[in-house]
Amino acid sequence: MSTHVEVVTADFRRSKIKITPGTYLVDVLNEACQKHNLSSDKYLLKHKQKIVDLSGPFRTSGLAPGAKLELVQKSNSPSVVSIALDVNGSRFTKKLPSDMVLWQVMRQFESAESGLNITAKASDKTSNAGQVYHDAPVVNIMGREYSTIQDLQKTLSQCGINSGSMVLRVSFRSTEKTLYAAMNEISQYLEDVGPAQKVDAAPKPAITEPPVVSEPLAEEGLGSDAAKQEPTEQSSEPVGEAGPLKDSDAMDVDKAPAANGNGDPLQPTSVFSAPSSSTPAAARIQVDDSMFEPTIAHAQLHQTHLEARTRNTRLKSDAELAADAALAAAKLAKITRVDVKVRFPDQTSAQWVINPEHRGSFLYQAVRTVMEHPNQPFKLTMSGPNPVTVHEDDKRLIADYKFKGRELLNLSWDGAVSADARKAPFLKGNVASRAQAIVVPEIAETTAGDTGSSAGPSKAVKQEKHDSKPDSEDIRKKIGKFFKLPGKK
């Protein structure tokens, strides 16, 4: 039995949407926005001043046939929703922003839960032994299935999830595509979700046993190897017989930089020698003293800061704090590479490029490859107002230690280090031979005449202040008028 609901826009335009008990309300929103030439991503439905849950069908919404729904604009910032992912009876929970796509939601859970494999699950088929076929994930939300590549590109909001909590049930459906072909296809259509990790283009040596991979896929990637599979599922085809992969077969992601000459991520991309002068470069720059004279703008800015500190400010709610944390995690998930520079005790330094897969243990291992005494203990500390020590553990450098952009770490000796190791050059001879001097850009010396109004009060301003200063004789005349006795002229 079909009926209808009436959708009213903010400018009082009306449209009737035909529905059945099984029609999902998110489809009602999409159809209403389509009729009024509006973007459904920016609107919600309200009924009697209450936001309508768009994730379910009409029969479970509690709305009566012919109900009038208001089309209201939603906030520009994504809301935080609590997602419970049910995979074969195992449930995992996480708070995520509503603008995250379904594929990325599954990737988030994979990276957070050790051993969880959803997006690269595969199985053997007895009819074609030796081939591993992809088991595609199927996401069920309130009885509605999302399984195609187009479906997995939809955000939680586009599936009707804008607030509260929701259970996403994941099942798997056998396909006729090999795992490698499926990963290639997914990497082409889901590039906006996050970069996939390219398959190493170098030929792999032949091995006697097929590899078994049990680790979850890396953050925001589609897998470090297109032939990843379940721990109990192995391919009977040796890797060495496949031959080298072509560039066209590789998934679309950034390759590891080969600036070190051999493409080994443990080798630094750049090595820098110690400064030739003991005086810091900043201390050798000659600056006129007038550059440090405060201006009126400085005083006004300081006054503004003082006034802001005296005002009472509202503390953020738990929902706002969770939203900030989710947005920060989403920004970190989009980072694909970070330049990390490590400064050594003798003031030499080396630089590496890391990706979302690299962990604290990788950085320590990379540093030991350039040390003259790799057995001596040391620790790495991030520079900044709040120093953080990076430990030799399995924490991810980007997701857990919050590496982003460019990072500088200082290496210090830890524990009982021999005197010979402290006095000896830190770098190996073959590494030190590649060191280059750090080029500091020359800054032109500034004189008082070049400072302008931004560096301090200009001569014109000072002269104006002096000219505007009232004369003492004028002040006495003005004050005398107030004390003039009556009857005198």
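Number of residues in the stretch 25-41 that are touching a residue at least 40 places away in the same chain (Cβ under 8 Å) and exposed (fewer than 15 other Cβ atoms within 10 Å of the Cβ) equals 1.
Applying the set (1) surrounded by fewer than 18 Cβ atoms within 10 Å (Cβ to Cβ); (2) closer than 28 Å to SER77 by Cβ to GLN347 leaves exactly one unmet item: (2). Once the stretch 150-189 is narrowed to residues that are more than 30 Å from ILE51 (Cβ to Cβ) and hydrophobic (A, V, I, L, M, F, W, C), the residue that is modelled with the highest pLDDT is PHE172.
Scanning the stretch 344-402 for residues that are within 25 Å of ALA435 (Cβ to Cβ) and part of a helix (DSSP H, G or I) yields PHE362, LEU363, TYR364, GLN365, ALA366, VAL367, ARG368.
Only one of the numbered conditions (1) at pLDDT 50 or above; (2) surrounded by fewer than 17 Cβ atoms within 10 Å (Cβ to Cβ); (3) within 30 Å of LEU29 (Cα to Cα) is violated by ASP192, and that is (1).
For the stretch 291-312, the criterion of being surrounded by 13 or more Cβ atoms within 10 Å (Cβ to Cβ) and of a type in the set (A, V, I, L, M) is met by at least one residue. ALA120 falls short on exactly one of the conditions (1) surrounded by 17 or more Cβ atoms within 10 Å (Cβ to Cβ); (2) closer than 30 Å to VAL72 by Cβ; (3) hydrophobic (A, V, I, L, M, F, W, C), and that condition is (2).
Can you tell me which residue among ASP99, ASP86 is in a strand (DSSP E or B) and of a type outside the set (Phe, Trp, Tyr)?
Details: ASP99 fails: in a strand (DSSP E or B).
On inspection, the qualifying residue turns out to be ASP86.
Among the residues making up the stretch 282-326, those that are modelled with pLDDT of 85 or more and over 35 Å from the mean Cα position of the chain (by Cα) are GLU293, PRO294, THR295, ILE296, ALA297, ALA299, GLN300, GLN303.
Being free of Cβ contacts under 8 Å to residues at least 24 places away in the same chain and surrounded by 12 or more Cβ atoms within 10 Å (Cβ to Cβ) is the filter here; which residues of the stretch 380-399 pass it?
To start, the set of residues in the stretch 380-399 that are free of Cβ contacts under 8 Å to residues at least 24 places away in the same chain comprises 384-389.
Once the filter is applied, which keeps residues that are free of Cβ contacts under 8 Å to residues at least 24 places away in the same chain and surrounded by 12 or more Cβ atoms within 10 Å (Cβ to Cβ), the stretch 380-399 yields VAL388, THR389.
Every residue in the stretch 143-192 that is of a type in the set (S, T, N, Q) and either more than 29 Å from LEU44 (Cβ to Cβ) or assigned to a strand (DSSP E or B) (or both), please.
Just the residues of the stretch 143-192 that are of a type in the set (S, T, N, Q), to begin with: 147-148, 150, 153, 155, 157-158, 162-163, 165, 171, 174-175, 178, 184, 187-188.
The answer is THR155, SER165, SER171, SER174, THR175, THR178, ASN184, SER187, GLN188.
Each residue in the stretch 8-24 was checked for being surrounded by 15 or more Cβ atoms within 10 Å (Cβ to Cβ) and farther than 22 Å from ASN76 by Cβ, and 6 of them qualify.
The values are calculated or read from the model by the stated rules, or taken from the named source; none is laboratory data. What you see is a predicted model, and the numbers here were worked out from it, not measured in a lab. So basically every Cβ, Gly included, is an ideal-geometry build from the backbone, and we count neighbours across all protein chains shown.
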